Amino acid sequence: MLRLYWEVARRGFRRYATYRGATFAGVFTNTVFGFIRAYVFIAMFAVAKRPGGYDLADVLTYTFLTQALLMPLYIWGWTEIADTVYTGQIATDLYRPFDYQSYWLSQDLGRAAYHMVMRGVPPFVIGALVFGLRLPTHPLTWVVFLLSAALGVTVSFALRFMANLSAFWIVDVRGINSLAAAVWTLLSGFIIPIAFFPTTARTIIRSLPFVSMLEFPVDVFLERVQGMHLVSTLAAQAAWAVVLLGAGRIMLRAATSKLVVQGG
Amino acid sequence: MASRAAIYGRLAGSRLRAQYQYRFSFVLQIVGAFALSFLDFIEVLVIFHHLPALGGWSLGEVAFLYGSSYVVFRFADMTMGALDRLPVLIRMGTLDQVLTRPLGSLWQVLTTDIGVRHVGGMVQGGIVFWFALTRVHIHWTALRVAVFVSMLIGGAVIFCAIWVATNAIAFWTMDAREVANSVTYGGNYLTNYPLHIFGVWLRRLLAYVIPLAFVNYFPSLYVLDKRSPIGSPVLRFVSPLVAAGAVVAAGAIWKTAVRHYRSSGS
């Protein structure tokens with residue numbers, strides 16, 4: 001069974017590898033956005049004194065790392081499952097002899113791996129060459145970072161899975177999707193580091209699952225969390241992944257109990 | 001010309017009625033766009049939580065840039081956003097039908113979708129703009145009013161032209177249209193902040209080759225009576241000219257692109 005999910009993940013990887021032009025265009029766009037954001041932070045740090053404990057190298061690294069993680073996290077506009085609800089394809093998919101959620105999760109992790117390598121690495125390398133970013137001092141940090149990023153993708157997938165399943169109840173998921181994506185981008189720490197928020201806002205935001213997608217992997221990379229704190233960060237990510245995937249399964253059960261398949 | 005406008009109005013009207021059929025989704029999309037764009041302004045507020053001025057510009061002044069950028073950008077997004085669908089039209093062969101009809105190809109493509117949800121973004125931009133106007137002191141003169149009004153019209157026109165010119169890439173290569181996002185959405189983001197904080201090469205490319213500097217930065221310098229380390233004072237008044245030039249350039253690019261187009265044959 002594991003072998004099946006491994007194959008599904010590999011297909012997910014290969015499927016996106018087909019679109020070379022799109023990859024190139026995407027890297028260009030992610031890099032340009034990285035540059036624009038970087039200069040805003042440079043202007044900010046010319047005046048601000050170590051906001052949230054960040055120095056300039058930290059915030060520039062944060063900028064290009066978040067640009068790099070943007071595609072692997074795939075926060076915007078994924079409606080593949082919702083589309084199968086509208087076409088009715090989902091009825092056959094649910095019949096197949098594998099676990100529905102695990103199938104899509106494997107596919108998504110394969111996709112994320114592709115996006116990490118082809119869409120994530122180039123903008124980061126360009127940013128590093130131009131702005132001199134901060135790389136981990138400890139070699140093991142790279143490994144822990146990849147684990148943390150994978151957990152981040154899993155949390156992101158669990159949320160997107162539920163947003164997609166809302167198609168069972170709503171005629172058009174685009175409204176809900178764009179609203180959800182907006183909230184996730186802000187509360188995950190993509191728009192601006194959560195550390196820059198006033199204390200109360202910061203505490204509230206960090207008690208929500210969204211920071212597990214982005215802020216935590218970035219903190220791991222910047223080595224802002226270490227020792228026991230590092231363990232508890234990864235544990236929080238894993239816990240949110242389990243809880244949200246579980247919630248998705250409950251939602252799937254509720255959705256399929258009202259599924260009526262026309263014809264046959 | 002008058003009849004062409006009437007046809008555009010009629011096509012656009014039919015799109016609006018079609019969207020309005022799904023009322024819940026329609027309202028939710030407008031509310032969503034409103035909330036979504038407000039989240040962007042939180043970035044500005046959080047930055048100013050740590051400092052009194054960014055690049056020498058106060059919160060009110062940056063909000064002035066942000067508000068003006070948002071209102072005109074979302075207007076362009078609403079009217080030109082259908083160009084995002086150009087690759088789909090080309091792939092499905094729908095564009096062939098468009099080219100056989102006796103109405104300009106651009107107008108027909110534009111009316112395949114009217115993004116009314118962007119009204120939500122315009123409203124948000126308007127609120128931030130109003131907030132900015134209560135915080136900055138502008139000595140209104142006839143010339144300032146004229147520059148202010150021409151900034152909004154010129155800015156909208158420049159963004160529309162950028163939208164047309166960059167999306168025409170789809171006629172050459174269909175996957176590459178994400179490049180357009182870096183100057184449309186990227187342009188919106190860039191024009192939220194005073195231009196002189198950006199690096200010199202980025203500025204040359206995005207502000208002068210793509211004329212984003214004339215959307216709001218240079219006219220704002222005059223309206224807000226600000227000094228700037230870059231650009232001659234004359235540039236503060238040329239936005240309408242730049243807008244006119246951008247329209248001509250975008251039109252030429254679109255015509256060349258359509259002429260280049262070979263049907264997929266399907």
Residue satisfying all of: in the range A:39-80; β-branched (Val, Ile, Thr) and crowded, with 22+ Cβ neighbours inside 10 Å; nearest to B:Val200 (Cα to Cα) among these: A:Val40
Helices (runs of 4 or more DSSP H) enclosed by the range B:1-108 - at least 2 residues per element that are within 23 Å of B:Gly186 (Cβ to Cβ): B:23-48, B:59-80, B:86-92
Residue match in the range A:20-29 (condition: modelled with pLDDT under 90 and away from chain B (no Cβ under 14 Å)): no
Meets criteria (under 15 Å from the mean Cα position of the chain (by Cα) and modelled with pLDDT of 95 or more) for B:Val147: no
Residues satisfying the stated conditions in the range A:64-81, i.e. under 21 Å from A:Leu129 (Cβ atoms), within 14 Å of chain B (Cβ to nearest Cβ) and not aliphatic (A, V, I, L, M): A:Thr66, A:Gln67
Helices (runs of 4 or more DSSP H) completely within the range B:170-266 that count 3 or more residues being closer than 30 Å to B:His137 by Cβ: B:178-190, B:217-223, B:239-260
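Here's the yes/no breakdown for (1) crowded, with 18+ Cβ neighbours inside 10 Å; (2) β-branched (Val, Ile, Thr):
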position	(1), (2)
B:Ala18	no, no
B:Gln21	no, no
B:Phe24	no, no
B:Val44	yes, yes
B:Ala76	yes, no
B:Ala82	yes, no
Residue match in the range A:54-63 (condition: farther than 28 Å from A:Val130 by Cα, among the β-branched types (Val, Ile, Thr) and in contact (Cβ under 8 Å) with a residue 40 or more places away in the chain): no
Residues of the range B:1-48 satisfying the condition of being facing chain A (nearest Cβ under 8 Å) and touching a strand residue (DSSP E or B) at 6+ places or on another chain (Cβ under 9 Å): B:Ile47
All positions within the range A:194-207 that are crowded, with 18+ Cβ neighbours inside 10 Å and at the interface with chain B (Cβ under 9 Å from one of its Cβ atoms): A:Phe196, A:Phe197
Residue that is free of Cβ contacts under 8 Å to residues at least 24 places away in the same chain and either touching a Leu at 6+ places or on another chain (Cβ under 6 Å) or under 20 Å from B:Val71 (Cα atoms) (or both), where the choices are B:Ser228, B:Ser182, B:Ser220, B:Ser232: B:Ser182
Candidate set: the range B:159-179, residues that are within 9 Å of another protein chain (Cβ to nearest Cβ) and not aliphatic (A, V, I, L, M); chosen: the one nearest to B:Tyr70 (Cα to Cα): B:Glu178
Residue list for the range A:142-167, restricted to those being within 14 Å of another protein chain (Cβ to nearest Cβ) and surrounded by fewer than 20 Cβ atoms within 10 Å (Cβ to Cβ): A:Ser166
Selection from the range B:180-200 of residues that are touching a helix residue (DSSP H, G or I) at 6+ places or on another chain (Cβ under 9 Å) and more than 7 Å from every other protein chain (Cβ to nearest Cβ): B:Ala180, B:Val183, B:Thr184, B:Tyr185, B:Gly187, B:Asn188, B:Thr191, B:Asn192, B:Pro194, B:Leu195, B:His196
Pair list, Cβ under 6 Å, 6 or more apart: the range A:168-193 residue more than 9 Å from every other protein chain (Cβ to nearest Cβ), other residue charged (D, E, K, R) and part of a helix (DSSP H, G or I): A:Gly189/A:Glu215
Top-ranked residue of the range A:44-61 - restricted to ones that are within 12 Å of chain B (Cβ to nearest Cβ) and outside any helix (DSSP H, G or I), ranked as nearest to the chain's Cα centre (by Cα): A:Tyr54
Answer from A:Phe24, A:Phe64, A:Phe41 - the residue that is part of a helix (DSSP H, G or I), more than 19 Å from A:Leu222 (Cα to Cα) and not aliphatic (A, V, I, L, M): A:Phe24
Only listed residue being more than 14 Å from chain A (Cβ to nearest Cβ) and either under 30 Å from A:Met44 (Cβ atoms) or buried (at least 16 other Cβ atoms within 10 Å of the Cβ) (or both), chosen from B:Leu59, B:Leu106: B:Leu106
Selected residue (only one of A:Ile90, A:Ile81 is assigned to a helix (DSSP H, G or I) and either on the phi > 0 side of the Ramachandran plot or at pLDDT below 90 (or both)): A:Ile90
Qualifying residues in the range B:13-59 (those that are touching a Leu at 6+ places or on another chain (Cβ under 8 Å) and modelled with pLDDT under 85) - the one farthest from B:Arg135 (Cα to Cα): B:Leu28
The range A:142-171, residues that are hydroxyl-bearing (Ser, Thr, Tyr) and farther than 20 Å from A:Gly110 by Cβ: A:Ser166
The range B:74-123, residues that are over 15 Å from the mean Cα position of the chain (by Cα) and more than 26 Å from B:Ala6 (Cβ to Cβ): B:Pro87, B:Val88, B:Ile90, B:Arg91, B:Met92, B:Gly93
Residue within the range A:220-241 that is in contact with a Pro (Cβ under 8 Å, 6 or more places away or on another chain), under 26 Å from A:Asn164 (Cβ atoms), surrounded by fewer than 22 Cβ atoms within 10 Å (Cβ to Cβ) and not small (Gly, Ala, Ser) present: no
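The values are calculated or read from the model by the stated rules, or taken from the named source; none is laboratory data. What you see is a predicted model, and the numbers here were worked out from it, not measured in a lab. Ideal geometry is used to build each Cβ from the backbone, glycine not excepted, and the neighbour counts take in all protein chains shown.
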